[in-house]
Amino acid sequence: MRIFVLGNASRPGVREEAERLLPFLREHCEIVLVDLDQEKDLSTCAADLTLVLGGDGAILRAARQMGYCQTPVLGVNLGRLGFLADLSPDELCSVFPRVVRGEYRVTEHLMFECLIESPGERRTILGLNEIAVQSGPPFHMIQLDLILDGEVVSSYSGDGLIISTPIGSTAHSLSAGGPILGQELSAFVITPICPHSLANRPVVDGADKVYTIAVRRLSPGASLVLVLDGQEQGQLTTEHRVTVRKAPVSFRLVKVPGRSYYQTLRDKLHWGATPNYRSEPSAEGKRSE
């Protein structure tokens, strides 16, 4: 097996963990490239798997770094939550020999292309989680139109709008009140950010459609920014249009036996856990009474 080793060296402990793990990895596979700054061009070489050290941010960056030549990704979590990078370094050492033997499955996940257009600009960026068109400092209410396959669906007044993939549904969209989607669905979530209306609710629709955000109005002195996968991509004006469509490639995630999406939700978000009502007597206290 040939692998890339990528990581976010700005995160404390990543370089040290890489130095510890590299001799172990070399015993089991061929390391084609090590890039702990995630700056190298991966299109000039090939690998069977990409090992990413860090957190989910490092995986999002790896997906963009691989571009239109996506290699299956196995994430090692050195951060906090780790929805995509859900193995610890010790767990990696125990399961990696099985991975080398092919004892894993690869899941395919929706990626998107984001086209930013204005009279003097036209560029396309590949992404995995979400795009957010949102108010920047000084913060003022903004008005945006959502256009779906050429039809104006709705206008939103508030702090902005998020278009998210299923993988991104547990990130910024969830914090803004959006739903959790199954990670392998082919759909986008449109989530308003602090809408100035009780009628605006998140919407889920198919990934085969084209989503466009047009800036209807900005208050005097207001600023508007485009954020893609947590990285600011520049300021927008009323002349900009942002279009999101399904990418021609999919993000490929390695899943090892014993790990599931819903287990991750339970472990990381305490989803479905019984609330701890502090005013309620414990079971032992009730029995003693």
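The values are calculated or read from the model by the stated rules, or taken from the named source; none is laboratory data. Note that the coordinates shown come from a computational prediction; the quantities given were computed from them, not determined experimentally. Every residue, glycine as well, gets a Cβ built from its backbone with ideal geometry; the counts of neighbours run over all protein chains shown. All accessible areas refer to the heavy atoms of the entire protein, side chains included, with ligands and DNA or RNA removed. Shrake-Rupley method; radii C 1.70, N 1.55, O 1.52, S 1.80 Å.
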### Task
Determine if region 202-210 includes at least one residue that is within 21 Å of LEU126 (Cα to Cα), in a strand (DSSP E or B), open to solvent by less than 50 Å² (accessible area, probe 1.4 Å) and of a type outside the set (Gly, Ala, Ser).
yes
### Task
Any residue in region 60-81 that's in a loop (DSSP other than H, G, I, E, B): show its pairings with residues that are crowded, with 23+ Cβ neighbours inside 10 Å and of a type in the set (Ser, Thr, Tyr) at Cβ separation under 6 Å, as long as the two are six or more apart or on different chains.
THR71/THR50
### Task
Note down all Cβ pairs under 6 Å where the first residue falls in region 255-275 and is under 25 Å from SER94 (Cβ atoms), the second is open to solvent by 80 Å² or more (accessible area, probe 1.4 Å) and outside any loop (DSSP other than H, G, I, E, B), and they're at least six residues apart or on different chains.
LYS255/ARG105
### Message
Can you confirm whether GLU151 is exposed (fewer than 15 other Cβ atoms within 10 Å of the Cβ), within 23 Å of the chain's Cα centre (by Cα) and not polar (S, T, N, Q)?
### Response
no
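Condition (residue is in a strand (DSSP E or B) and either out of contact with any helix residue (DSSP H, G or I) (no Cβ under 6 Å at 6 or more places or on another chain) or of a type outside the set (Gly, Ala, Ser) (or both)) applied to region 88-101: is it met by at least one residue?
Of region 88-101, the ones in a strand (DSSP E or B) are none.
The answer is no, given that none of the residues of region 88-101 is in a strand (DSSP E or B) and either out of contact with any helix residue (DSSP H, G or I) (no Cβ under 6 Å at 6 or more places or on another chain) or of a type outside the set (Gly, Ala, Ser) (or both).
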### Query
Quick one: is GLU108 in a strand (DSSP E or B), open to solvent by 40 Å² or more (accessible area, probe 1.4 Å) and of a type in the set (D, E, K, R)?
yes
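So, of the residues in region 1-22 that are part of a helix (DSSP H, G or I) and open to solvent by less than 70 Å² (accessible area, probe 1.4 Å), which turns out to be farthest from LEU92 (Cα to Cα)? Outline the logic, then answer.
First, the residues of region 1-22 that are part of a helix (DSSP H, G or I): 14-22.
Keeping just the survivors that are open to solvent by less than 70 Å² (accessible area, probe 1.4 Å) gives 14, 17-18, 21-22.
On the way: VAL14: 14, GLU17: 12, ALA18: 12, LEU21: 9, LEU22: 12 Å.
Out of the qualifying residues, it is VAL14.
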### Task
Evaluate region 213-235: report whether one residue or more is in a strand (DSSP E or B), of a type in the set (Gly, Ala, Ser) and either open to solvent by 70 Å² or more (accessible area, probe 1.4 Å) or under 30 Å from GLN263 (Cα atoms) (or both).
no
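Taking only region 23-32 into account, find how many residues are open to solvent by 30 Å² or more (accessible area, probe 1.4 Å) and either of a type outside the set (D, E, K, R) or touching a residue at least 24 places away in the same chain (Cβ under 8 Å) (or both). Let's see the steps before the verdict.
First pass over region 23-32, keeping only residues open to solvent by 30 Å² or more (accessible area, probe 1.4 Å): 23-24, 26-28, 30-32.
Now narrow it down to the ones that are either of a type outside the set (D, E, K, R) or touching a residue at least 24 places away in the same chain (Cβ under 8 Å) (or both): 23-24, 28, 30-32.
Qualifying residue count, region 23-32: 6.
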### Message
Looking only at region 114-142, count every residue that is open to solvent by 50 Å² or more (accessible area, probe 1.4 Å) and either under 17 Å from TYR211 (Cβ atoms) or basic (Lys, Arg) (or both) and tell me the total.
### Response
4
